[in-house]
1. Mind checking whether some residue in segment 124-131 is in a helix (DSSP H, G or I), surrounded by 11 or more Cβ atoms within 10 Å (Cβ to Cβ) and among the aromatic types (Phe, Trp, Tyr)?
2. Name the helices (runs of 4 or more DSSP H) wholly inside segment 70-110 in which the number of residues that are surrounded by fewer than 11 Cβ atoms within 10 Å (Cβ to Cβ) is 3 or more.
3. Would you check if there is a residue in segment 25-33 being among the charged types (D, E, K, R) and either assigned to a loop (DSSP other than H, G, I, E, B) or in contact with a helix residue (DSSP H, G or I) (Cβ under 9 Å, 6 or more places away or on another chain) (or both)?
4. Could you please tell me which pairs satisfy a Cβ distance under 9 Å, a separation of 6+ or placement on different chains, a first residue in segment 52-66 that is touching a residue at least 12 places away in the same chain (Cβ under 8 Å) and loosely packed, with under 11 Cβ neighbours inside 10 Å, and a second residue that is assigned to a loop (DSSP other than H, G, I, E, B) and of a type in the set (Phe, Trp, Tyr)?
5. Within the bounds of segment 111-119, is there any residue that is aliphatic (A, V, I, L, M) and either surrounded by fewer than 15 Cβ atoms within 10 Å (Cβ to Cβ) or closer than 13 Å to Ile3 by Cα (or both)?
6. Since Asp118 meets every condition but one in (1) free of Cβ contacts under 8 Å to residues at least 40 places away in the same chain; (2) touching a Ser or Thr at 6+ places or on another chain (Cβ under 6 Å), which condition does it not meet?
7. Scan Ala79, Ala90 and give me the residue that is in contact (Cβ under 8 Å) with a residue 60 or more places away in the chain and farther than 30 Å from Val130 by Cβ.
8. Is it true that some residue in segment 9-21 is open to solvent by less than 10 Å² (accessible area, probe 1.4 Å) and at pLDDT 90 or above?
Amino acid sequence: MKIAICRILGNELPFRDTPGSKLRSLQYILEQQFLGNEQNIWVLNHIFLPEYRNQVVKHLEIYGQEFHELKFDPKVYAALQNRDSKISYAIHVNQARNYGIKLAQDQDYDFVACLDQDCFFTKDMWDEIVNNIEADQKTN
């Protein structure tokens, strides 16, 4: 059974995130990951600050992680007519999740868990999830 963890990496959001908090979360996940048969699928989601994007990419490259990217297009953003459309385009987390799921399907993964940037499983939590999936697949 092949399982993927799709991790959506996006922009730091002022007022919600403190500067550097997303990079610290990424560093923690990269240092603590406990991969067995599962694989990380990293999706960079509409990151619009080049310096921040470069730092994210550098972290992933240091740990030998491949990534995919949904690029932020300033022309598309500028053409949007209202605030809600602009916010939706800038964040676009559902598009990124669907993209990650499609990547996992294209790579013949049986299951995929999509996590936003600063979410993670502890080893015990992940082992329990995998054990439950395996038990369910045997039973059902």
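1. Checked against the condition, which is being in a helix (DSSP H, G or I), surrounded by 11 or more Cβ atoms within 10 Å (Cβ to Cβ) and among the aromatic types (Phe, Trp, Tyr), segment 124-131 yields at least one hit.
2. In segment 70-110, 74-79 are the helices (runs of 4 or more DSSP H) which contain 3 or more residues that are surrounded by fewer than 11 Cβ atoms within 10 Å (Cβ to Cβ).
3. The answer is no; no qualifying residue exists.
4. Note: no pairs meet the criteria.
5. Yes; the residues of segment 111-119 include at least one that is aliphatic (A, V, I, L, M) and either surrounded by fewer than 15 Cβ atoms within 10 Å (Cβ to Cβ) or closer than 13 Å to Ile3 by Cα (or both).
6. (1)
7. Ala90
8. Yes: segment 9-21 contains one or more residues that are open to solvent by less than 10 Å² (accessible area, probe 1.4 Å) and at pLDDT 90 or above.
The values are calculated or read from the model by the stated rules, or taken from the named source; none is laboratory data. Model, not experiment: these values are computed from the prediction. Neighbour counts run over all protein chains shown; Cβ positions are idealised from the backbone, glycine included. Note: areas computed on protein heavy atoms with side chains; ligands, DNA, RNA excluded. Shrake-Rupley method; radii C 1.70, N 1.55, O 1.52, S 1.80 Å.
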